[in-house]
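**Q** Following this message is one structure expressed as structure tokens.
The values are calculated or read from the model by the stated rules, or taken from the named source; none is laboratory data. This one's a predicted model, so the numbers in the text were calculated from it and none came from an experiment. Note: ideal-geometry Cβ built from the backbone for every residue, glycine included; neighbour counts use all protein chains shown. Keep in mind that these areas ignore ligands, DNA and RNA; they rest on the heavy atoms of the full protein, side chains included. Shrake-Rupley method; radii C 1.70, N 1.55, O 1.52, S 1.80 Å.
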Amino acid sequence: MKKIASLFLGGLLLANVSCKESEFTDAYPDPAKIAETTVEKQFTGVLFANKDYVLPGYRYYFVTLRTSVNHYTQATGWVNASGQYVPGSSGVEDVWYNYYNMLAQYRELQKVYASKTADQQANLKIFMLTAAVYVYDYTQKMVDLHGSIPFSTAGLLSTNGGDYVGSSAKFDTAEGIYTFLMDDLKRIATELNGVTLNAGYQKSFQTQDFVNKGDITAWKRYTNSLRLRLLNRVSGVESFKSRSNTEMAEILGNATTYPIVETNAQNIQINVYDINTDINSKGFRDGIEGDGWYGNTAGKAIIDNMNVNKDPRLPILFEPGANAAGQYNGVDPTATEAAQTTFINSGQVAIYNRYTLSRNQFFPGILINAAQMNLIKAEYYLRAGNDASAKTAYETAITQSVQFYNGILALTNATGITNSTIPTAATAASISAYIAGSGVNWSSAANNTDKLKLIATQKWLHYNLVQPYENWADIRRLDYPVLTFQVDNANNQTLPPTRWTIPGNEITYNAANYAAVKATDNLTTKIFWDVK
């Protein structure tokens, strides 16, 4: 086993690359067999190292999310068992090592870039700016999962000439990492506004960038949208309140200088163009389908909410159970294990729609989307006392969420599904009726607390199991929606945790640095932004 300092060079990529997605696999051979790199191709190595935790795949969903985050948010239903609130060690380690592999590729990119002349660096700067944005996105997720993690000195074994002991990485505080990310993303946002590329480097950037296809405006939107997400996440922390309010107002008040994702056409995601390349979502099926693991089974809370409010996303996101006569039912998390098992085995429980999700091999890898941004805006405007703007953002987000899932459904290539038909896309009329309904209508909320509940509920519905980390982070931060769980009295962890702990291998092999965070490394110490 290895600690994070030793993860390096695993994603170096060197090949003649075509701009056709169908040639991606041929263009990038096994990274472990590549001995040298360039800035351009190392940039793609950074993106590629992380793809299996952006695109929905088997290990991501089956090993990591199935028994952890998707239970904590009740995005799925499951059968209660002792120890169910303790995150599985394999799933946590998978995410940990994937992140540090990607971070090591980024450090190698920094190393290669530093070896270039000043003129070369000027031409190649776009690769450095955008790679940082991508890495910072995942870094925020890791902090939201674990709190303090190794960051500023992590992944530097290659840079340090193979000095294993000297490359042991210290743990940075969660607050310190957030501050760095917000500072550096603000710098990057400014620098991106001044970037110009000659034709040759523009073509190279388009070729190597399989996230935004070399679209600098899209990277600007990604950068500022990520800034909004970070700033909103810390908006309740006393020491960050002033900065959060000031910078969110600056971003939202100056769309020309600080563009964000505003429409579904601008969503930041890894699109699948050819399922015969490595960029595909074939693993989604095995990740959430299958007898005995209930990875695609619906939870009662989410189904009940959608049923009561006639949510137009319901038939797009879920299928009725095979024996449910067209009714949508979810698993009650407070029921006994025997009752849950009987209910699931009876064919009464809804599952996530296979056409839209698990068998849709063109399902994109989602990073930032318009509905998410408008729900963040709704929160901000509500805090700022701008009820009219909050209402507009809230209602826009709902419309965009439904249209987003309509668009996902339109991509499907799902086959081999029996006893089910492909759902019909939601209509504009059904969206309007939903927004006007008593359980969703903005005007039905008596005060700001109730309006925040509406926003939080729409985040939960929009994220479901598709944006799991965002879902869990916002539920912990807002304490809405209120979810009820069976208490696991047979285990020390009686209810869902408030964070993941540091993997055992990191504790063993980075013991000296781990000692600094050991006292807070448990399942009950809240992440610093979780102040309610």
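**Q** Determine which member of the set Val234, Val272 is at pLDDT 95 or above, of a type in the set (Val, Ile, Thr) and open to solvent by 10 Å² or more (accessible area, probe 1.4 Å).
**A** Going through Val234, Val272 in turn, the sole match is Val272.
**Q** When you scan the stretch 7-118 for helices (runs of 4 or more DSSP H) that lie fully inside it, which ones turn up with 3 or more residues that are modelled with pLDDT of 95 or more?
**A** 39-49, 69-72, 89-114
**Q** Which is out of contact with any helix residue (DSSP H, G or I) (no Cβ under 9 Å at 6 or more places or on another chain) and either over 30 Å from Ala384 (Cβ atoms) or not in a loop (DSSP other than H, G, I, E, B) (or both), of Asn305, Asn323, Asn276?
**A** Sole residue among the options that is out of contact with any helix residue (DSSP H, G or I) (no Cβ under 9 Å at 6 or more places or on another chain) and either over 30 Å from Ala384 (Cβ atoms) or not in a loop (DSSP other than H, G, I, E, B) (or both): Asn323.
**Q** Please go through (1) open to solvent by 20 Å² or more (accessible area, probe 1.4 Å); (2) without any contact (Cβ under 8 Å) to a residue 40 or more places away in the chain; (3) of a type outside the set (Ser, Thr, Tyr) for Asn224 and return the number of the only condition it doesn't satisfy.
**A** Among (1) open to solvent by 20 Å² or more (accessible area, probe 1.4 Å); (2) without any contact (Cβ under 8 Å) to a residue 40 or more places away in the chain; (3) of a type outside the set (Ser, Thr, Tyr), Asn224 violates only (1).
**Q** Tell me which residues, restricted to the stretch 338-362, are under 19 Å from the mean Cα position of the chain (by Cα) and closer than 23 Å to Gly321 by Cα.
**A** Those that are under 19 Å from the mean Cα position of the chain (by Cα) and closer than 23 Å to Gly321 by Cα: Tyr352, Thr356, Leu357, Ser358, Asn360, Gln361.
**Q** Out of the stretch 242-264, which residues are open to solvent by 20 Å² or more (accessible area, probe 1.4 Å), assigned to a helix (DSSP H, G or I) and not charged (D, E, K, R)?
**A** Residues satisfying the conditions are Ser242, Asn245, Thr246, Ala249, Leu252, Asn264.
**Q** For the subset of the stretch 354-367 comprising residues that are part of a loop (DSSP other than H, G, I, E, B) and hydrophobic (A, V, I, L, M, F, W, C), which member is most open to solvent (accessible area, probe 1.4 Å)?
**A** It comes out as Phe362.
**Q** Just to be sure I understand, how many residues within the stretch 69-128 are open to solvent by 60 Å² or more (accessible area, probe 1.4 Å), more than 30 Å from Thr498 (Cβ to Cβ) and under 24 Å from the mean Cα position of the chain (by Cα)?
**A** 0
**Q** Could I ask something else about it? From the list Ala335, Ala339, exactly one residue is open to solvent by less than 30 Å² (accessible area, probe 1.4 Å) and either farther than 30 Å from Val211 by Cβ or part of a helix (DSSP H, G or I) (or both). Which is it?
**A** When all the criteria are applied, what remains is Ala335.
**Q** Quick check on this structure: which one of Ala473, Ala512, Ala516 is more than 22 Å from Thr67 (Cα to Cα), at pLDDT 95 or above and touching a Phe, Trp or Tyr at 6+ places or on another chain (Cβ under 9 Å)?
**A** Just one listed residue meets the conditions, Ala516.
**Q** Quick check on the stretch 490-516: of everything there that is of a type in the set (A, V, I, L, M, F, W, C) and buried (at least 18 other Cβ atoms within 10 Å of the Cβ), which residue is nearest to Pro87 (Cα to Cα)?
**A** Trp500
**Q** Another question, then. Taking Gly347 and the conditions (1) assigned to a helix (DSSP H, G or I); (2) surrounded by fewer than 15 Cβ atoms within 10 Å (Cβ to Cβ); (3) not hydroxyl-bearing (Ser, Thr, Tyr), which numbered condition does it fall short on, given that it satisfies the others?
**A** (1)
**Q** Next question, about the same structure. Looking only at the stretch 161-178, which residues are of a type in the set (Val, Ile, Thr) and either in contact (Cβ under 8 Å) with a residue 60 or more places away in the chain or within 15 Å of Asp144 (Cβ to Cβ) (or both)?
**A** Listed by number, the residues that qualify are Thr173, Ile177.
**Q** Among Asn489, Asn441, which is the only one that is farther than 24 Å from Lys526 by Cβ and of a type outside the set (Gly, Ala, Ser)?
**A** One residue alone meets the criteria, Asn441.
**Q** Here's something else I'd like to know. Which numbered condition in (1) modelled with pLDDT under 95; (2) closer than 25 Å to Thr263 by Cα; (3) among the β-branched types (Val, Ile, Thr) is the only one that Val165 fails?
**A** (2)
**Q** Give the number of residues within the stretch 284-308 that are open to solvent by less than 30 Å² (accessible area, probe 1.4 Å) and not aliphatic (A, V, I, L, M).
**A** Count: 7.
**Q** Of Ala154, Ala132, which residue is closer than 26 Å to Phe528 by Cα, open to solvent by less than 10 Å² (accessible area, probe 1.4 Å) and either in a loop (DSSP other than H, G, I, E, B) or at pLDDT below 95 (or both)?
**A** The unique qualifying residue is Ala154.
**Q** Oh, and also: Looking only at the stretch 157-187, count how many residues are under 22 Å from Lys41 (Cβ atoms) and surrounded by 23 or more Cβ atoms within 10 Å (Cβ to Cβ).
**A** 1
**Q** Of all the residues that make up the stretch 475-522, how many are among the β-branched types (Val, Ile, Thr) and more than 28 Å from Gln74 (Cβ to Cβ)?
**A** Of the residues in the stretch 475-522, 3 are among the β-branched types (Val, Ile, Thr) and more than 28 Å from Gln74 (Cβ to Cβ).
**Q** Continuing with this model, one more query. Ser239 fails exactly one of the following numbered conditions: (1) under 24 Å from the mean Cα position of the chain (by Cα); (2) not in a loop (DSSP other than H, G, I, E, B). What is the number of that condition?
**A** (1)
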